[in-house]
Each structure stands twice: as structure tokens, then as C-alpha cells.
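Working notes, structure below.
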Amino acid sequence: MTMAANLTSAAALTYDQMRIKALITGSSIKTQLTSFIAAVNPIVPDSIPNNRPVGNWLIPMAALAQTMRGLDMSLSDFNLAVDYVSKLCSVANVQRNAGLITVAQGTALLAAWNTAFGT
Amino acid sequence: MTFPQPPSQDALLNPLSNEFRLRTQLLSNGDLFESEVSAAAFVIGPDSDVSSIQVSYYDPLARYYTNDAGLPVAETSRMSSQIVSVERALVGSFAARMDTDYPQMPGRKGRILLSNANTYLPGWLDAVDGEAARYLRIPPVFDVIQYFQQRPSLTSQRADKTYDFQYTLTDPAGTPTFIVIPAWGRKSGFFTFLNRTGSAQDVRVDGVTYSTSNSPGVVGSRQEVLFTAAALANNATTSYQYDQSADGAFDAIVIRISAWDLNEAFPISVLLSDDPL
């Protein structure tokens, strides 16, 4: 297991970490994704426009987390899950570097990623 | 412009306007844009480097999914996603529901979401030269047009992209230089090189398929040499013709040129097209 040191690293590590979760630790990606969404949602509230490039990723992510299978996950759903999480981290890094979300929000997002996928 | 993006509803301030065009550079693999106005169609804009865009929208018909036991279960996400590509416009009825939230995510309005469906790796590194090399990156353009009303006919049509590099910022320290050009979905290309540096130079053209795993080499992005002109003599010219059907499809085309110490010119011309050879 690898903890991400920053959001760029989290984006790049998402595939490896979710693969390990699914294949080695036997965790359900559906459950992990649901926990990640619940942790991220309050960090980037919809009422602040600059949060939305990050927070809007939670919407397709939540739709996927609901409809994907927990036990017999399809490869296409796994790929989508990796894609959405990685993309959320990528754009969060851009928003934080541009000062459009706060450093504290970026730190909280990284902590949410590490809790869900880094440990 | 990337973020904050222009609000789509501002397009409605012009009574003659029938569309909202979002044209911006991509900064990351995860850039996500939104529209608060319902749409009748989406097409890829003419300036786009991105060849596929995911459109996610409020869909009251998203009702059931199959659970682990193979049984139908009521779905509450009310979200559907489709792809608009250079081959196909997306025509239909796409609702932006600002009067309600996506039920699965309370507090998040029913906006239309637009994102790059291609894979983009802004920090791509060559598998061999890695961080030691110099990288000149052409930022990809995300260009999508949203129509508010039906139109008689619609086709996604990207313009050919031409790049004319009269001057190249090579590294006098002696490391090679890479020019990274977005090439999602491009079917053909033409590259010309003219060496005016006073000494022989090596030229190479690679195709790159990005991976979200940000590691050079076999564990990350795929890289394939398409063309090599070793020791191109002073005042000599060479050219390369890219054919997707023979060479393969790539996310980016990368030009590698060897280093030289002086500031002489090395003109490079590139044409990338959606039309096959």
C-alpha cells in the first residue's frame, strides 16, 4: 500500500491502489467509492462555483457507485471508477495551484483519497 | 481560459444566439465543465484537439440497474452519459435541471457536465530521456458547441491543425528536445524538417498513447518510434507522412530533435488532419 504525498501523485497512483484494493485486499470498489464520495462531498460544496470542477465529478461517480456490481465488478466499471477518481484528483490539483480552492481543501481531499485508497 | 469557465446562460443574453461555444485549453486530465441550459445537440468544435467529449445530463429515464444477484433495482442517480465525437454529433434532448438536484448527490444541481473522454497526461516524459530532456508542449484545445434548438443538419468537423515552427527552443546544455503535439483521433499527418543549424542533427517522430499511471516506460504510457532521420545533414530536408491506418492511433505525436549549441534555425512544419490518406 502506498500513501500519496500530493494530489498529482494520488491521480497517478489511483489505478495501482484500486487494483490492489480489488485483487489483493479483496475490498469492494463499490464500497470504497461510496466512502470516498461521502468524504469528499462536504469538502467541495456546490454553492461555491470554483468548487464545481472538482465536486461535479462526484455526480457521475455516485451514479457509477450505485449501479456497479459489488462482488462481480465488470472491467468497464473498474476502468470508469479509476478514471473518475484520478480525474477528480487531477483537476483538484489544478484548482488548488490556481488558488480557486484553498490549500486546506486540497489537503482534505488528499486525506480523503489516502483514507479510501492509500491505506 | 480554463477556470472559472464562462456561464452558458450568458449565451442566451443575445436573442440571436442559438449556441454556447466552450473553447478552452485543457490543463489536466480531469478538467470538467458545466452548462446550466438544456441542449438539443452537441458537436465537437472546429478548433478541438480533443476527439471525444463525455456529456452527462439529468435523465428521468435512468430507472433500473442490475444488482449482484442479477435482479433489477430502482436507480436513483437520474444521470446518463453519452459521448460526442468527431465522427458523430450528439442530437436529442439533454436536460439541465436547475430546479432540482441529482437525487444520488443531494445539493448538487442537475447541470449538464462536459469532460474530455480522451486520456491526457500533461507531464508526459520520454521513456529514455526522462526529466533530463527539454519538453515543448502544445496545450490541447477543448472545443465543444452546445445548440439550444434543433438544427436541420449537424456534423462534428474538426479543422486540420497546422504548426509552423520557424524557431525551436533547443537546449544548449546538450539534452534533446521533445515537441509534444496532441493528436487524438487524427487520421493523417505530414511533417517536414529543414536543417539550417550548420551541423548534422538527428530527428525522430514518435507516437504516444497516454496512461494515467504517470510513469515513463512500459508501466506507463506507450511510446512507438514512427520515423527516424539520423544525422540529417546541414541544409538538407526530410519529411514524414503519418497514416493512422498503418501506423496506429495515438494520443500525441512527439518530435524529438537532438541538441545544438547555436541559435540557428531548424524549421519544422506539421499538418494533422481527420481525413485519411
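Bear in mind that the values in this text are calculations on the coordinates, not laboratory data. Being a predicted model, the structure only gives us computed values, none of them experimental. Ideal geometry is used to build each Cβ from the backbone, glycine not excepted, and the neighbour counts take in all protein chains shown.
Computed quantities for the displayed model
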{"read-out": "The protein assembly as shown - charge dipole about Cα centre, Lys and Arg +1 at Cβ, Asp and Glu -1, debye rounded to 20", "value": "760"}
{"read-out": "Mean separation of Cα contacts under 8 Å (6+ apart) over length of region B:41-134, as relative contact order %", "value": "33"}
{"read-out": "Computed over region B:1-68: relative contact order in percent, which uses C-alpha pairs under 8 Å that are six or more apart", "value": "29"}
{"read-out": "Hits among lysines - C-alpha to C-alpha of A:K21 under 17 Å, sequence gap 8 or more where chains match", "value": "A:K30"}
{"read-out": "Trypsin sites (Lys or Arg not before Pro) restricted to DSSP loop in region B:108-198 with at most 11 other C-beta within 10 Å", "value": "none"}
{"read-out": "Two-decimal Rg/Rh across the protein assembly as shown, once Rg and the Kirkwood Rh are taken from alpha-carbon atoms", "value": "1.00"}
{"read-out": "Sorted by Cβ neighbour density within 10 Å, fewest at the top, the residues B:V144, B:V225, B:V203", "value": "B:V225, B:V203, B:V144"}
{"read-out": "Estimated FRET transfer efficiency when R0 is 51 angstrom, pair B:S153-B:S199 (beta carbons, to 0.05)", "value": "0.40"}
{"read-out": "In region B:111-213, the chymotrypsin sites (Phe, Trp or Tyr not before Pro) that fall in loop regions by DSSP, at most 15 other Cβ within 10 Å", "value": "B:Y167"}
{"read-out": "Relative contact order for chain A, counting Cα pairs under 8 Å that sit 6 or more residues apart, in percent", "value": "42"}
{"read-out": "Residues whose placed amide H lies under 5 Å from that of B:G185, excluding near-sequence neighbours", "value": "B:F250"}
{"read-out": "Helix-only CD estimate at 222 nm, as mean residue ellipticity for the protein assembly as shown, using -39500 (n - 2.57) per DSSP H run (n ≥ 4)", "value": "-6500 deg cm²/dmol"}
{"read-out": "Exposure proxy ranking, count of Cβ atoms within 10 Å, fewest first, for B:D202, B:D31", "value": "B:D202, B:D31"}
